[in-house]
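Novice: Structure provided below as structure tokens; questions to follow.
The values are calculated or read from the model by the stated rules, or taken from the named source; none is laboratory data. Model, not experiment: these values are computed from the prediction. No Cβ is skipped: glycine too gets one built from the backbone with ideal geometry, and neighbour counts run over all protein chains shown. With ligands, DNA and RNA removed, areas are computed over all heavy atoms of the protein, side chains included. Shrake-Rupley method; radii C 1.70, N 1.55, O 1.52, S 1.80 Å.
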Amino acid sequence: MGAGAVSTALEHLTSWDADWKGLRVVVAGLGLSGFSAADTLIELGADVVVVDSGTGGENPSRADTLKIVGVREVLLGAEQAKTLPQVNGQAADLVIASPGWPPHHPLLRAAAEAGIPIWGDVELAWRVNQRAGRKTADWLVITGTNGKTTTVGMTEAMLRAAGLRAIAAGNVGTPILDAVRDPEGYDVIAVELSSFQLHYTHTMSPLASVVLNIAQDHVDWHGSFEDYMQAKSRIYERTRVAAVYNVEAPRTEAMVENADVVQGCRAIGFTTGVPARSMLGVVDDLLVDRAYIDNRHDSAAELASLEDFGGVAPRHMVANALAAAALVRAYGVGVEAVRAGLRGFDRGEHRIQAVARRDDILWVNDSKATNPHAAAASLAAFTSVVWIAGGLSKGVDYTDLVTRFAGALRAVVLIGTDTTSLREALRRHAPTVQVIAVPVSETGTQGAEDRKATGTAVMTAAVQAAAGVARPGDTVLMAPAAASMDQFTSYAHRGNAFIEAVSRLMEDEEN
């Protein structure tokens with residue numbers, strides 16, 4: 001039996017009240033999801049061993065806590081993580097894999113070869129979602145290469161505006177198992193799911209689901225773009241009411257067509273253009289619904305207007321709002337709550353965030369743009385750009401991005417320890433665009449404090465370089481199209497470093 005199979009012996013484990021007692025489980029990973037999985041399993045009565053390669057950070061304190069609540073062993077260190085441990089002297093019945101652990105990891109490969117089922121924390125959460133004496137929450141599930149966090153936040157805001165007890169959970173920050181175990185319970189959970197989490201999910205049957213978009217990402221984890229798309233498409237399996245797709249991303253519609261959904265489930269499209277029947281879309285400056293109304297053949301229900309975004313309403317942000325509306329409307333939320341939720345939604349920092357304007361030059365932070373697809377959404381919003389870009393590229397190709405936006409680039413300031421791929425794309429497809437490289441020493445295996453110092457120096461130099469070439473009418477856009485961990489501790493650290501560097505620049509120019 002392979003890692004993707006669900007063992008016959010575990011088929012009865014479909015609720016909190018099932019007999020989990022004595023189940024031998026190895027939890028791979030001691031991050032937030034691994035910790036919550038181990039804690040849940042102990043509460044269920046399972047026999048648990050936890051493994052993680054890291055010995056620093058919060059792992060020692062988390063290990064101590066888990067030992068107190070009853071975990072049999074917590075094995076920390078690189079050597080410990082190379083092999084699949086036994087549980088109380090016997091082979092494990094189940095492995096729970098944290099999202100960061102790829103299928104080719106030696107421990108997970110050993111489990112697969114031994115026929116031991118591998119679940120993620122989402123699979124476990126779905127199986128314990130039903131509990132006697134407590135409301136069973138419906139799940140609205142969201143994935144995509146970009147826009148997941150924004151969309152899940154909008155979904156939560158719309159649900160709460162309707163008076164429902166709702167929470168955003170999963171990849172967004174709150175572990176899904178923590179939401180499921182909440183003592184009061186929820187009416188609805190808006191669940192953000194990464195491709196990693198979906199890879200290890202087998203029986204989830206959400207009320208509604210959506211793939212926002214699909215572009216090349218995480219090829220190093222999945223092995224190929226095809227496998228990455230296959231993982232994303234799993235979100236539609238067993239969907240009960242609405243499988244929502246992006247009309248402007250045909251691959252997502254194909255995923256719906258190929259999905260094994262529950263009989264009666266509808267395919268609902270969203271588009272930033274004029275919607276056809278069974279779609280949500282935009283007419284003039286209004287977001288409208290032609291899917292969840294009785295007279296959808298010749299009319300539409302107004303959901304919101306572009307003014308309800310409270311400022312800049314980039315095309316991708318409108319698309320995210322329409323996707324969120326499609327999900328909540330599948331649950332039965334009224335149009336008034338959609339508008340109220342959108343008006344009350346805080347899009348957060350590091351997402352096309354205007355941080356300064358002087359001499360008709362706009363400075364914009366989009367550090368959340370960690371891949372080319374996300375950066376494209378930012379670049380499309382402006383006409384003359386000094387682009388700060390580069391970082392940990394994760395093996396992606398920048399050809400399409402550079403080709404598409406070459407005409408909008410006045411200059412490019414390169415950050416990152418390896419800019420070879422981006423630099424080559426610029427050389428070939430934007431040869432007349434000025435390229436400025438920021439010379440900062442590589443971080444190698446430096447720790448967080450070293451990356452903080454390096455990141456500050458990198459961004460200070462990048463902002464100064466951008467200021468030297470920017471002209472009135474330009475937007476200086478920090479949308480790296482790459483991950484941050486080569487020179488920064490996180491995308492938030494990178495964004496904050498940009499904001500601080502711009503602030504210093506503004507202060508210096510005043511003096």
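Novice: If the viscosity is 0.890 mPa s and the temperature 25 °C, what Stokes-Einstein diffusion coefficient in µm²/s follows for the stretch 171-278 when Rh is the Kirkwood radius over Cα pairs?
Specialist: 164 µm²/s
Novice: Based on a Kirkwood Rh over C-alpha pairs, give the Stokes-Einstein translational diffusion coefficient of the stretch 246-303 at 10 °C and viscosity 1.306 mPa s in µm²/s.
Specialist: 132 µm²/s
Novice: For the chain, the longest stretch holding no trypsin sites (Lys or Arg not before Pro) located in a DSSP loop with at most 13 other Cβ atoms within 10 Å is which?
Specialist: Looking at the chain, 278-511 is the longest stretch - no exposed trypsin sites (Lys or Arg not before Pro) with at most 13 other Cβ atoms within 10 Å.
Novice: Roughly speaking, to the nearest percent, how much of the chain's 1.4 Å accessible area is carbon and sulfur?
Specialist: It is 47 percent, rounded to a whole number.
Novice: Follow-up. Could you tell me the extents of the stretch 340-385's C-alpha atoms along the three principal axes, largest first, rounded to whole Å?
Specialist: Cα spread of the stretch 340-385 along its principal axes, largest to smallest: 35, 27, 16 Å.
Novice: A further question follows. For a quick size check, give me the Cα extents of the stretch 98-179 along its three principal axes, largest first, whole Å.
Specialist: On the principal axes, the stretch 98-179 reaches 48, 37, 15 Å in Cα extent.
Novice: With +1 on each Lys and Arg Cβ and -1 on each Asp and Glu Cβ, and nothing else charged, work out how big the dipole of the chain is about its Cα centre, in Debye to the nearest 20.
Specialist: 440 debye
Novice: Using the Cα gyration tensor of the stretch 338-482, with a ≥ b ≥ c the square roots of its eigenvalues, what is the shape: rounded (a/c below 1.5), prolate (a/b larger than b/c) or oblate (neither)?
Specialist: rounded
Novice: Quantify how much of the Cα-Cα distance distribution of the stretch 60-132 extends past 19 Å, in percent. Mind dumping the intermediate values first?
Specialist: Details: 1190 of 2628 pairs.
Here the tail beyond 19 Å accounts for 45 percent of pairs.
Novice: Add +1 for every Lys or Arg and -1 for every Asp or Glu among the other residues with Cβ under 11 Å from the Cβ of Gly170, and state the total. Working shown, then result.
Specialist: Details: positive: Lys148; negative: Asp121, Asp178, Glu192.
Residues close to Gly170 contribute a combined charge of -2.
Novice: With just the Cα atoms defining each centre, how far is the stretch 484-500 from the stretch 107-169? Give it in Å.
Specialist: The stretch 484-500 and the stretch 107-169 have Cα centres separated by 28 Å.
Novice: Related question: Give the accessible surface of the chain per residue, rounded to a whole number of Å², with probe radius 1.4 Å and ligands, DNA and RNA excluded.
Specialist: Dividing the accessible area of the chain by its residue count gives 40 Å².
Novice: As a test of reading the structure, rank His104, His297, His199 by solvent-accessible area (1.4 Å probe, protein chains only), most first. Show your work: numbers first, answer last.
Specialist: Values: His104 100, His297 125, His199 60 Å².
Descending accessible area places them as His297, His104, His199.
Novice: How big, in percent, is the set of alpha carbon pairs in the stretch 79-225 lying more than 21 Å apart? Each step should come with its number before you reach the end.
Specialist: Working: 5239 of 10731 pairs.
Here the long-distance tail beyond 21 Å is 49 percent of all Cα pairs in the stretch 79-225.
Novice: Summing +1 for each Lys or Arg and -1 for each Asp or Glu, what net charge is found among the other residues whose Cβ lies under 13 Å from the Cβ of Gly22?
Specialist: Neighbourhood net charge equals 0.
Novice: As a check on your grasp of the helix formula, calculate [θ] at 222 nm for the chain: sum -39500 (n - 2.57) over DSSP H runs of n ≥ 4, divide by the residue count, round to the nearest 500. Display every interim value, and only then the final one.
Specialist: Working: 17 runs with 180 residues, N = 511.
Helices in the chain give a 222 nm mean residue ellipticity of -10500 deg cm²/dmol.
Novice: Sort the chain into rounded, prolate or oblate with this rule: let a ≥ b ≥ c be the square roots of the eigenvalues of the Cα gyration tensor; rounded if a/c is under 1.5, and if a/c is not under 1.5, prolate when a/b is larger than b/c, oblate otherwise.
Specialist: Because a/c hits 1.5 or more and a/b fails to exceed b/c, the chain counts as oblate.
Novice: Something else about it: Do any of Lys135/Lys232; Lys82/Lys135; Lys82/Lys394 go past 31 Å between their Cα atoms, and which?
Specialist: Correct reply: Lys82/Lys135.
Novice: Please state, to two decimals, what the Cα-based radius of gyration of the stretch 9-141 comes to when divided by 2.2 N^0.38 Å (N = residues).
Specialist: Here the answer is 1.01, to two decimals.
Novice: Same structure, new question: What ratio of Cα Rg to 2.2 N^0.38 Å holds for the stretch 451-508?
Specialist: Values: Rg = 11.4 Å, N = 58, 2.2 N^0.38 = 10.3 Å.
The value comes to 1.11.
Novice: Whole Å is fine, so just give me how far the alpha carbon centre of the stretch 305-348 lies from that of the stretch 359-429.
Specialist: 28 Å
Novice: Turning to a different aspect of this structure: What is the ratio of the Cα radius of gyration of the stretch 311-370 to 2.2 N^0.38 Å, where N is its residue count, to two decimals?
Specialist: On the way: Rg = 14.6 Å, N = 60, 2.2 N^0.38 = 10.4 Å.
Expressed relative to 2.2 N^0.38 Å, the Cα Rg reads 1.40.
Novice: While we're here: Let me know the shape class of the stretch 257-397, please: from the alpha-carbon gyration tensor, a ≥ b ≥ c as square roots of the eigenvalues, rounded when a/c is under 1.5, otherwise prolate if a/b is greater than b/c, or oblate.
Specialist: It is prolate, given that a/c is not under 1.5 and a/b is the larger ratio.
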